[in-house]
Amino acid sequence: MPTRAELLDDIRRMDDDLDHTPRVVDVLHASEYARAEFRAEWSSWRAAIRDALGQQPFEISRGEVLSRTIELHETVEADPSIQTWTEETLYTPHAIYHHAGFDSWTDAKQSVGIVIWHRTKPGTRED
């Protein structure tokens, strides 16, 4: 298991090697460590980036929301939840609405053709 310092160094290395702030999807291809090792150390990827690079809240364009949503769809889950968005990207849900101008998370997902699965709470059923 790598140390926190080794994980921070790896994030900084990826930041130097890539033309953008490292994303969680970059861990799959460019990191020396597994995604689970970062998740064991930080509650979110955004927190790891903040610790490694000292970056503050990010603004995001509509196109970037779409690109990141597709990445989540392809690498994390078929119908990514807003919780997955928050955990796996550098952005808060607020960015989806305020910076990118989507009316809802569903609107953003449907804009890239993701089939929306109706989620029900455990213990409930639909008639």
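Read-outs: derived from the displayed coordinates by stated rules, not from any lab. None of these values were measured; they are calculated from a predicted model. Positions of Cβ are backbone-derived with ideal geometry, glycine not excepted, and every protein chain shown enters the neighbour counts.
Calculated on the Cα set of the chain, radius of gyration then Dmax: 15.7, 54 Å. Have a look at 86, 73, 48 and report the one farthest towards the positive end of the charge dipole of the chain, computed about the Cα centre with Cβ charges (Lys/Arg +1, Asp/Glu -1). Value: 86.
Seen against the Cα atoms of the chain and their longest principal axis, helix 62-75 is set at about 90 degrees. The local environment of residue 52, defined by Cβ-Cβ distances under 9 Å, has a net charge of -2 under the rule Lys, Arg +1 and Asp, Glu -1.
Ranking 11, 95, 36 by how far each Cα lies toward the positive end of the dipole of the chain (charges on Cβ) leaves 95 at the top. The simple Förster model, with R0 at 35 Å and r as the Cβ-Cβ distance, assigns residue 81 and residue 53 a FRET efficiency of 0.85.
Per residue of the chain, the DSSP helices (runs of n ≥ 4 H) give a summed -39500 (n - 2.57) that works out to -14500 deg cm²/dmol at 222 nm. Normalised by the number of residues in the chain, the mean separation of alpha-carbon contacts (under 8 Å, six or more apart) gives a relative contact order of 22 percent. Listed by Cβ neighbour count within 10 Å, with the fewest neighbours leading, 1, 14 appear as 1, 14. The C-alpha atoms of the chain define a longest principal axis, and helix 4-17 lies at about 80 degrees to it.
Comparing 93, 22, 80 in a Gaussian network model of the chain where C-alpha atoms under 10 Å apart are linked, the largest mean-square fluctuation is found at 93. Have a look at 94, 73, 20 and tell me which one the Gaussian network model of the chain (Cα, springs below 10 Å) gives the largest fluctuation. Maximum among the listed residues: 20.
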